[in-house]
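First comes the structure, then the notes that go with it.
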Amino acid sequence: MYKAISKVRRQMLKKNFDAILVSSVPNITYLAGFSSFSKDEREAYLLITQNQNYILTDGRYSEAVKSKIKNFKLIEISSKLTFEKALKDLAKKHSPRGEAGKIKQVGFEHHDITVAEHKKFSSVFKTIKHFDIDNFRAIKSNQEILAIEKACKLGDETFKYILKKIKLGVSEKELAFEIEFFIKKAGGDISFPPIVAFGKNSAIPHHKPTENTKLRTQNIVLLDFGVKLNDYCSDMTRTVFFGSANAEYKKIYRTVLAAQKRAIEFLSSTFHSLPLHEKQIKASQVDKVARTYILEKGFPTIPHSLGHGVGLEVHESPRLSPKSKDRLKPGGVFTIEPGIYIPGFGGVRIEDVVVIENSGLPRRPLRREASKVGPRLLTKSTKEIIEI
(Lines give C-alpha, C1' and ligand atoms only; values in the text may rest on other atoms or scores of the structure.)
Protein backbone atom coordinates (compact mmCIF):
# COMPACT_ATOMS: atom_id res chain seq x y z
CA MET A 1 0.00 0.00 0.00
CA TYR A 2 2.93 2.36 0.66
CA LYS A 3 4.19 1.84 -2.90
CA ALA A 4 0.68 2.48 -4.22
CA ILE A 5 0.45 5.81 -2.38
CA SER A 6 3.91 6.78 -3.64
CA LYS A 7 2.83 6.07 -7.23
CA VAL A 8 -0.30 8.16 -6.73
CA ARG A 9 1.70 11.06 -5.28
CA ARG A 10 4.11 11.05 -8.21
CA GLN A 11 1.17 11.25 -10.59
CA MET A 12 -0.38 14.03 -8.49
CA LEU A 13 2.78 16.11 -8.92
CA LYS A 14 2.84 15.44 -12.63
CA LYS A 15 -0.82 16.47 -13.00
CA ASN A 16 -0.41 19.48 -10.67
CA PHE A 17 -2.95 18.25 -8.09
CA ASP A 18 -2.77 19.51 -4.51
CA ALA A 19 -4.71 16.48 -3.24
CA ILE A 20 -6.92 13.61 -4.33
CA LEU A 21 -10.21 12.54 -2.81
CA VAL A 22 -10.79 8.78 -2.97
CA SER A 23 -14.36 7.52 -2.60
CA SER A 24 -14.69 4.02 -4.12
CA VAL A 25 -14.28 1.05 -1.79
CA PRO A 26 -11.86 -0.86 -4.09
CA ASN A 27 -9.54 2.14 -4.29
CA ILE A 28 -9.79 2.76 -0.54
CA THR A 29 -8.81 -0.90 -0.08
CA TYR A 30 -5.94 -0.51 -2.57
CA LEU A 31 -4.49 2.58 -0.89
CA ALA A 32 -5.35 2.02 2.78
CA GLY A 33 -5.58 -1.78 3.00
CA PHE A 34 -9.03 -1.64 4.62
CA SER A 35 -11.99 -3.32 2.92
CA SER A 36 -14.82 -3.26 5.46
CA PHE A 37 -16.75 -0.28 4.10
CA SER A 38 -20.04 -0.82 2.29
CA LYS A 39 -20.13 -0.43 -1.49
CA ASP A 40 -23.77 0.63 -1.30
CA GLU A 41 -23.44 3.47 1.21
CA ARG A 42 -20.96 6.33 1.45
CA GLU A 43 -19.12 5.50 4.67
CA ALA A 44 -15.64 6.88 4.05
CA TYR A 45 -13.33 9.03 1.96
CA LEU A 46 -9.58 9.23 1.73
CA LEU A 47 -7.91 12.59 1.26
CA ILE A 48 -4.29 12.32 0.16
CA THR A 49 -2.22 15.49 0.04
CA GLN A 50 1.44 15.79 -0.93
CA ASN A 51 2.54 15.16 2.65
CA GLN A 52 -0.36 13.63 4.58
CA ASN A 53 -2.98 10.86 4.34
CA TYR A 54 -6.41 11.20 5.90
CA ILE A 55 -9.32 8.80 6.26
CA LEU A 56 -12.71 10.32 7.01
CA THR A 57 -15.31 7.97 8.49
CA ASP A 58 -17.76 7.75 11.39
CA GLY A 59 -17.70 6.19 14.85
CA ARG A 60 -18.80 2.75 13.67
CA TYR A 61 -15.38 2.23 12.10
CA SER A 62 -13.13 4.34 14.33
CA GLU A 63 -11.65 1.51 16.40
CA ALA A 64 -11.12 -0.75 13.40
CA VAL A 65 -9.43 2.07 11.47
CA LYS A 66 -7.15 2.91 14.41
CA SER A 67 -6.06 -0.69 14.83
CA LYS A 68 -5.71 -1.66 11.15
CA ILE A 69 -4.68 1.48 9.27
CA LYS A 70 -1.37 2.89 10.45
CA ASN A 71 -0.41 5.34 7.71
CA PHE A 72 -3.64 7.40 7.65
CA LYS A 73 -4.80 10.00 10.14
CA LEU A 74 -8.41 9.41 11.23
CA ILE A 75 -10.95 12.24 10.98
CA GLU A 76 -14.06 11.03 12.79
CA ILE A 77 -17.31 12.19 11.21
CA SER A 78 -20.30 12.98 13.44
CA SER A 79 -23.41 15.15 13.58
CA LYS A 80 -21.17 18.03 14.62
CA LEU A 81 -18.47 17.34 12.03
CA THR A 82 -19.97 16.44 8.66
CA PHE A 83 -17.95 15.15 5.71
CA GLU A 84 -18.33 18.55 4.05
CA LYS A 85 -17.13 20.53 7.09
CA ALA A 86 -14.23 18.13 7.66
CA LEU A 87 -13.10 18.61 4.06
CA LYS A 88 -13.37 22.38 4.39
CA ASP A 89 -11.22 22.30 7.54
CA LEU A 90 -8.59 20.16 5.84
CA ALA A 91 -8.61 22.38 2.75
CA LYS A 92 -7.83 25.41 4.93
CA LYS A 93 -5.21 23.55 6.95
CA HIS A 94 -2.97 22.54 4.05
CA SER A 95 -0.96 25.01 2.01
CA PRO A 96 -0.06 23.36 -1.27
CA ARG A 97 3.59 23.42 -2.28
CA GLY A 98 4.41 25.94 0.44
CA GLU A 99 2.01 28.58 -0.93
CA ALA A 100 -0.39 30.56 1.20
CA GLY A 101 -4.05 29.59 1.02
CA LYS A 102 -6.03 26.37 0.93
CA ILE A 103 -5.92 23.25 -1.16
CA LYS A 104 -7.09 24.30 -4.62
CA GLN A 105 -6.90 21.63 -7.33
CA VAL A 106 -8.23 18.24 -6.24
CA GLY A 107 -8.60 15.00 -8.13
CA PHE A 108 -11.66 12.80 -7.64
CA GLU A 109 -13.22 9.62 -9.03
CA HIS A 110 -15.85 10.92 -11.46
CA HIS A 111 -17.41 7.47 -12.01
CA ASP A 112 -18.06 6.98 -8.29
CA ILE A 113 -19.60 10.16 -6.92
CA THR A 114 -23.14 11.52 -7.17
CA VAL A 115 -24.21 14.88 -8.59
CA ALA A 116 -24.91 16.04 -5.02
CA GLU A 117 -21.38 15.11 -3.94
CA HIS A 118 -19.93 16.89 -6.95
CA LYS A 119 -21.74 20.08 -5.90
CA LYS A 120 -20.39 19.77 -2.35
CA PHE A 121 -16.81 19.22 -3.51
CA SER A 122 -17.08 22.16 -5.88
CA SER A 123 -18.03 24.39 -2.94
CA VAL A 124 -15.04 23.18 -0.90
CA PHE A 125 -12.28 23.15 -3.53
CA LYS A 126 -11.57 25.73 -6.22
CA THR A 127 -11.02 23.12 -8.97
CA ILE A 128 -11.98 19.46 -9.09
CA LYS A 129 -10.90 17.21 -11.93
CA HIS A 130 -11.01 13.51 -12.66
CA PHE A 131 -8.04 11.53 -11.35
CA ASP A 132 -7.83 7.93 -12.57
CA ILE A 133 -6.72 5.60 -9.79
CA ASP A 134 -8.10 2.43 -11.40
CA ASN A 135 -5.25 2.29 -13.93
CA PHE A 136 -2.71 2.10 -11.09
CA ARG A 137 -4.31 -1.20 -10.10
CA ALA A 138 -3.85 -2.73 -13.56
CA ILE A 139 -0.25 -3.73 -12.76
CA LYS A 140 -0.19 -6.07 -9.79
CA SER A 141 2.50 -6.52 -7.17
CA ASN A 142 3.88 -9.97 -6.38
CA GLN A 143 1.69 -10.08 -3.28
CA GLU A 144 -1.42 -9.24 -5.29
CA ILE A 145 -0.65 -11.91 -7.89
CA LEU A 146 -0.21 -14.49 -5.15
CA ALA A 147 -3.54 -13.46 -3.59
CA ILE A 148 -5.32 -13.82 -6.94
CA GLU A 149 -3.62 -17.18 -7.49
CA LYS A 150 -4.95 -18.43 -4.16
CA ALA A 151 -8.46 -17.30 -5.10
CA CYS A 152 -8.10 -19.14 -8.44
CA LYS A 153 -6.97 -22.28 -6.60
CA LEU A 154 -10.14 -22.26 -4.53
CA GLY A 155 -12.08 -21.72 -7.75
CA ASP A 156 -10.50 -24.85 -9.23
CA GLU A 157 -11.44 -26.80 -6.10
CA THR A 158 -14.99 -25.48 -6.43
CA PHE A 159 -15.21 -26.75 -10.01
CA LYS A 160 -14.16 -30.26 -8.93
CA TYR A 161 -16.81 -30.15 -6.22
CA ILE A 162 -19.62 -28.90 -8.41
CA LEU A 163 -19.06 -31.55 -11.09
CA LYS A 164 -20.23 -34.12 -8.52
CA LYS A 165 -23.45 -32.16 -7.97
CA ILE A 166 -24.49 -32.14 -11.65
CA LYS A 167 -27.30 -34.69 -11.63
CA LEU A 168 -30.59 -35.27 -13.42
CA GLY A 169 -33.34 -32.97 -12.13
CA VAL A 170 -31.11 -30.51 -10.27
CA SER A 171 -32.06 -26.89 -10.88
CA GLU A 172 -29.83 -24.07 -12.07
CA LYS A 173 -30.46 -22.26 -8.81
CA GLU A 174 -29.53 -25.30 -6.72
CA LEU A 175 -26.17 -25.60 -8.47
CA ALA A 176 -25.55 -21.87 -8.02
CA PHE A 177 -26.27 -22.31 -4.30
CA GLU A 178 -23.89 -25.28 -4.11
CA ILE A 179 -21.11 -23.18 -5.68
CA GLU A 180 -21.66 -20.37 -3.19
CA PHE A 181 -21.94 -22.81 -0.27
CA PHE A 182 -18.65 -24.55 -1.08
CA ILE A 183 -16.74 -21.29 -1.51
CA LYS A 184 -18.03 -19.80 1.74
CA LYS A 185 -17.47 -23.01 3.69
CA ALA A 186 -13.83 -22.93 2.48
CA GLY A 187 -13.41 -19.43 3.93
CA GLY A 188 -13.92 -17.37 0.79
CA ASP A 189 -16.76 -15.40 -0.69
CA ILE A 190 -18.21 -15.14 -4.19
CA SER A 191 -16.82 -12.37 -6.39
CA PHE A 192 -20.16 -12.20 -8.24
CA PRO A 193 -23.42 -14.21 -8.24
CA PRO A 194 -22.65 -17.52 -10.02
CA ILE A 195 -24.00 -18.06 -13.52
CA VAL A 196 -25.45 -21.51 -14.10
CA ALA A 197 -27.18 -22.09 -17.43
CA PHE A 198 -28.69 -25.33 -18.77
CA GLY A 199 -29.47 -26.17 -22.39
CA LYS A 200 -30.74 -23.26 -24.47
CA ASN A 201 -30.13 -20.88 -21.55
CA SER A 202 -26.38 -21.27 -22.11
CA ALA A 203 -26.80 -19.11 -25.24
CA ILE A 204 -27.44 -16.15 -22.89
CA PRO A 205 -23.96 -15.00 -21.74
CA HIS A 206 -25.17 -13.57 -18.41
CA HIS A 207 -28.12 -15.85 -17.74
CA LYS A 208 -29.63 -15.62 -14.25
CA PRO A 209 -30.16 -19.09 -12.72
CA THR A 210 -33.76 -20.09 -12.01
CA GLU A 211 -35.38 -22.71 -9.81
CA ASN A 212 -37.73 -23.75 -12.62
CA THR A 213 -35.02 -24.88 -15.04
CA LYS A 214 -34.14 -28.49 -14.21
CA LEU A 215 -31.30 -30.44 -15.73
CA ARG A 216 -32.25 -32.95 -18.41
CA THR A 217 -30.18 -35.40 -20.41
CA GLN A 218 -28.43 -34.02 -23.48
CA ASN A 219 -28.10 -30.59 -21.86
CA ILE A 220 -25.23 -28.12 -22.02
CA VAL A 221 -24.18 -26.91 -18.56
CA LEU A 222 -22.39 -23.54 -18.47
CA LEU A 223 -20.79 -22.58 -15.14
CA ASP A 224 -19.32 -19.10 -14.59
CA PHE A 225 -18.25 -18.21 -11.05
CA GLY A 226 -15.58 -16.47 -9.05
CA VAL A 227 -13.98 -16.50 -5.62
CA LYS A 228 -13.13 -13.53 -3.44
CA LEU A 229 -10.40 -14.39 -0.96
CA ASN A 230 -8.51 -11.87 1.18
CA ASP A 231 -10.02 -9.06 -0.92
CA TYR A 232 -8.82 -10.44 -4.29
CA CYS A 233 -10.95 -12.10 -6.94
CA SER A 234 -10.92 -14.99 -9.36
CA ASP A 235 -13.17 -15.64 -12.37
CA MET A 236 -13.60 -18.85 -14.34
CA THR A 237 -16.03 -20.34 -16.84
CA ARG A 238 -16.29 -23.99 -17.83
CA THR A 239 -18.88 -25.62 -20.08
CA VAL A 240 -19.67 -29.34 -19.72
CA PHE A 241 -22.23 -31.66 -21.31
CA PHE A 242 -24.78 -33.74 -19.40
CA GLY A 243 -25.12 -36.85 -21.53
CA SER A 244 -23.31 -37.88 -24.67
CA ALA A 245 -22.13 -34.74 -26.46
CA ASN A 246 -23.29 -34.43 -30.07
CA ALA A 247 -21.11 -33.42 -33.01
CA GLU A 248 -22.40 -29.82 -33.12
CA TYR A 249 -21.55 -29.21 -29.46
CA LYS A 250 -18.08 -30.73 -29.91
CA LYS A 251 -17.40 -28.54 -32.94
CA ILE A 252 -18.44 -25.39 -31.05
CA TYR A 253 -16.46 -26.39 -27.98
CA ARG A 254 -13.28 -27.14 -29.90
CA THR A 255 -13.58 -23.86 -31.80
CA VAL A 256 -13.88 -21.87 -28.57
CA LEU A 257 -10.95 -23.72 -27.00
CA ALA A 258 -8.80 -23.21 -30.09
CA ALA A 259 -9.66 -19.48 -30.12
CA GLN A 260 -8.55 -19.18 -26.51
CA LYS A 261 -5.33 -21.10 -27.16
CA ARG A 262 -4.52 -18.90 -30.15
CA ALA A 263 -4.99 -15.75 -28.07
CA ILE A 264 -2.70 -17.10 -25.34
CA GLU A 265 -0.10 -18.26 -27.88
CA PHE A 266 -0.21 -14.81 -29.50
CA LEU A 267 0.50 -13.24 -26.11
CA SER A 268 3.38 -15.62 -25.51
CA SER A 269 5.07 -15.29 -28.90
CA THR A 270 4.64 -11.51 -29.05
CA PHE A 271 6.01 -10.90 -25.55
CA HIS A 272 8.98 -13.15 -26.20
CA SER A 273 9.84 -11.31 -29.42
CA LEU A 274 9.72 -7.80 -27.94
CA PRO A 275 12.75 -6.04 -26.44
CA LEU A 276 12.61 -5.76 -22.64
CA HIS A 277 11.84 -2.02 -22.72
CA GLU A 278 8.88 -2.56 -25.11
CA LYS A 279 7.10 -5.36 -23.27
CA GLN A 280 3.49 -4.37 -23.94
CA ILE A 281 0.75 -5.46 -26.32
CA LYS A 282 -2.44 -3.71 -27.39
CA ALA A 283 -5.37 -5.47 -25.71
CA SER A 284 -7.43 -5.05 -28.88
CA GLN A 285 -4.91 -7.16 -30.82
CA VAL A 286 -5.43 -10.14 -28.51
CA ASP A 287 -9.21 -9.78 -28.83
CA LYS A 288 -8.85 -9.74 -32.61
CA VAL A 289 -6.93 -13.05 -32.68
CA ALA A 290 -9.71 -14.99 -30.95
CA ARG A 291 -12.58 -13.11 -32.58
CA THR A 292 -11.21 -13.54 -36.11
CA TYR A 293 -10.70 -17.28 -35.64
CA ILE A 294 -14.29 -17.81 -34.49
CA LEU A 295 -15.64 -15.83 -37.44
CA GLU A 296 -13.43 -17.74 -39.89
CA LYS A 297 -14.96 -20.97 -38.61
CA GLY A 298 -18.41 -19.69 -39.59
CA PHE A 299 -19.72 -18.83 -36.12
CA PRO A 300 -21.14 -15.48 -34.94
CA THR A 301 -18.78 -12.98 -33.36
CA ILE A 302 -18.20 -12.97 -29.61
CA PRO A 303 -20.98 -10.72 -28.22
CA HIS A 304 -18.77 -9.49 -25.37
CA SER A 305 -15.15 -8.51 -24.89
CA LEU A 306 -12.53 -11.23 -24.91
CA GLY A 307 -11.56 -10.43 -21.34
CA HIS A 308 -11.14 -8.01 -18.47
CA GLY A 309 -8.77 -7.27 -15.64
CA VAL A 310 -9.15 -9.11 -12.33
CA GLY A 311 -7.99 -7.93 -8.92
CA LEU A 312 -9.77 -6.20 -6.06
CA GLU A 313 -12.77 -6.21 -8.41
CA VAL A 314 -13.78 -9.02 -10.68
CA HIS A 315 -14.06 -6.56 -13.58
CA GLU A 316 -11.41 -3.86 -13.79
CA SER A 317 -8.69 -2.55 -16.13
CA PRO A 318 -7.44 -3.62 -18.60
CA ARG A 319 -10.27 -4.37 -21.05
CA LEU A 320 -9.68 -6.76 -23.94
CA SER A 321 -12.16 -5.60 -26.56
CA PRO A 322 -12.07 -4.45 -30.21
CA LYS A 323 -12.09 -0.75 -29.25
CA SER A 324 -9.95 -0.99 -26.12
CA LYS A 325 -7.11 1.52 -25.79
CA ASP A 326 -5.52 -0.49 -22.97
CA ARG A 327 -2.15 -2.20 -23.23
CA LEU A 328 -1.21 -5.49 -21.62
CA LYS A 329 2.04 -5.30 -19.65
CA PRO A 330 4.09 -7.47 -17.29
CA GLY A 331 2.25 -7.67 -13.97
CA GLY A 332 -1.17 -7.50 -15.63
CA VAL A 333 -3.82 -10.02 -14.59
CA PHE A 334 -6.86 -10.54 -16.82
CA THR A 335 -9.25 -13.10 -18.23
CA ILE A 336 -9.39 -14.62 -21.69
CA GLU A 337 -12.93 -15.87 -22.31
CA PRO A 338 -14.05 -16.46 -25.89
CA GLY A 339 -17.56 -17.76 -26.40
CA ILE A 340 -19.95 -18.95 -29.09
CA TYR A 341 -23.69 -18.61 -28.49
CA ILE A 342 -26.34 -20.09 -30.78
CA PRO A 343 -29.95 -19.10 -29.93
CA GLY A 344 -32.19 -22.13 -29.64
CA PHE A 345 -29.22 -24.47 -29.23
CA GLY A 346 -26.93 -23.18 -26.48
CA GLY A 347 -23.53 -21.71 -25.91
CA VAL A 348 -19.97 -22.49 -24.89
CA ARG A 349 -17.63 -20.19 -23.01
CA ILE A 350 -14.18 -21.05 -21.63
CA GLU A 351 -12.60 -18.53 -19.29
CA ASP A 352 -9.24 -18.49 -17.55
CA VAL A 353 -7.32 -15.93 -15.52
CA VAL A 354 -3.92 -15.08 -17.02
CA VAL A 355 -0.97 -13.22 -15.50
CA ILE A 356 1.81 -11.70 -17.57
CA GLU A 357 4.94 -12.74 -15.71
CA ASN A 358 7.52 -10.10 -14.99
CA SER A 359 11.00 -11.62 -15.19
CA GLY A 360 12.48 -8.50 -13.63
CA LEU A 361 10.81 -9.14 -10.29
CA PRO A 362 11.16 -12.09 -7.90
CA ARG A 363 7.93 -13.89 -7.12
CA ARG A 364 6.71 -16.69 -4.93
CA PRO A 365 3.92 -18.52 -6.76
CA LEU A 366 2.02 -21.46 -5.31
CA ARG A 367 4.07 -23.67 -7.60
CA ARG A 368 7.66 -22.58 -8.06
CA GLU A 369 8.45 -22.22 -11.74
CA ALA A 370 11.14 -20.44 -13.70
CA SER A 371 10.10 -16.82 -14.09
CA LYS A 372 9.65 -15.55 -17.65
CA VAL A 373 8.01 -12.70 -19.52
CA GLY A 374 4.80 -14.05 -20.94
CA PRO A 375 1.39 -15.44 -19.98
CA ARG A 376 0.78 -17.98 -17.23
CA LEU A 377 -2.61 -19.45 -16.40
CA LEU A 378 -3.72 -18.99 -12.80
CA THR A 379 -6.79 -21.16 -13.31
CA LYS A 380 -5.82 -24.82 -13.70
CA SER A 381 -9.11 -26.70 -14.23
CA THR A 382 -9.20 -29.06 -17.19
CA LYS A 383 -10.51 -27.81 -20.51
CA GLU A 384 -10.97 -31.20 -22.12
CA ILE A 385 -14.53 -31.97 -23.22
CA ILE A 386 -16.37 -33.29 -20.17
CA GLU A 387 -19.39 -35.54 -20.55
CA ILE A 388 -21.28 -36.41 -17.36
Complete set of residues in the range 275-289 that are over 15 Å from PHE334 (Cα atoms) and either touching a residue at least 12 places away in the same chain (Cβ under 8 Å) or touching a helix residue (DSSP H, G or I) at 6+ places or on another chain (Cβ under 7 Å) (or both): LEU276, LYS279, LYS288, VAL289
Consider ILE385 against the criteria (1) part of a loop (DSSP other than H, G, I, E, B); (2) hydrophobic (A, V, I, L, M, F, W, C); (3) modelled with pLDDT of 95 or more; (4) closer than 20 Å to ASP235 by Cβ: it satisfies all of them except one. Which criterion is unmet? (4)
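With the condition kept exactly as written, say whether any residue in the range 135-146 is among the aromatic types (Phe, Trp, Tyr) and at pLDDT below 90. Full working, then the answer.
Let us first name the residues in the range 135-146 that are among the aromatic types (Phe, Trp, Tyr), namely 136.
Adding the requirement that they be at pLDDT below 90 leaves 136.
Yes: one or more hits.
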Find the residue count for the range 36-92, including only residues that are among the polar types (S, T, N, Q), in contact with a helix residue (DSSP H, G or I) (Cβ under 8 Å, 6 or more places away or on another chain) and touching a residue at least 40 places away in the same chain (Cβ under 8 Å). 4
Out of all the residues in the range 253-268, which are farther than 17 Å from LEU306 by Cβ and not charged (D, E, K, R)? TYR253
Within the range 143-169, how many residues turn out to be of a type in the set (S, T, N, Q) and touching a residue at least 12 places away in the same chain (Cβ under 8 Å)? 1
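Of the residues SER324, SER359, only one is closer than 30 Å to LYS251 by Cα, of a type outside the set (A, V, I, L, M) and either touching a helix residue (DSSP H, G or I) at 6+ places or on another chain (Cβ under 6 Å) or at pLDDT below 95 (or both); which?
Being closer than 30 Å to LYS251 by Cα, of a type outside the set (A, V, I, L, M) and either touching a helix residue (DSSP H, G or I) at 6+ places or on another chain (Cβ under 6 Å) or at pLDDT below 95 (or both) holds for just one of SER324, SER359, which is SER324.
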Failed item in (1) buried (at least 19 other Cβ atoms within 10 Å of the Cβ); (2) farther than 28 Å from GLY344 by Cβ; (3) of a type in the set (Lys, Arg), with LYS282 passing the rest: (1)
Restricting to the range 112-171, and then to whatever is over 30 Å from ILE20 (Cβ atoms) and loosely packed, with under 13 Cβ neighbours inside 10 Å, can you tell me which residue is nearest to the chain's Cα centre (by Cα)? LYS160
Run down LYS120, LYS140 and say which single residue is closer than 30 Å to THR335 by Cβ and in contact (Cβ under 8 Å) with a residue 12 or more places away in the chain. LYS140
Scanning the range 172-214 for residues that are among the hydroxyl-bearing types (Ser, Thr, Tyr) and buried (at least 16 other Cβ atoms within 10 Å of the Cβ) gives SER191, SER202, THR213
Mind checking which residues of the range 160-182 are of a type in the set (Lys, Arg), within 25 Å of GLU384 (Cβ to Cβ) and assigned to a helix (DSSP H, G or I)? LYS160
Going through the range 36-57 one residue at a time, which ones are surrounded by 12 or more Cβ atoms within 10 Å (Cβ to Cβ) and either of a type in the set (Gly, Ala, Ser) or more than 28 Å from the chain's Cα centre (by Cα) (or both)? SER36, ALA44, GLN50, GLN52
Scan the range 65-94 for residues that are in contact with a strand residue (DSSP E or B) (Cβ under 9 Å, 6 or more places away or on another chain), at pLDDT 90 or above and among the small types (Gly, Ala, Ser) and jot them down. SER78, ALA86
Per the filter on the range 188-220, residues closer than 21 Å to GLU387 by Cβ and either among the basic types (Lys, Arg) or touching a Gly at 6+ places or on another chain (Cβ under 7 Å) (or both) are GLY199, LYS200, SER202, ALA203, LYS214, LEU215, ARG216, THR217, GLN218, ASN219, ILE220
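The values are calculated or read from the model by the stated rules, or taken from the named source; none is laboratory data. Predicted model only: the values in this text are computed from it and were never measured. Cβ sites come from the backbone with ideal geometry, for glycine too, and all protein chains shown count toward neighbours.
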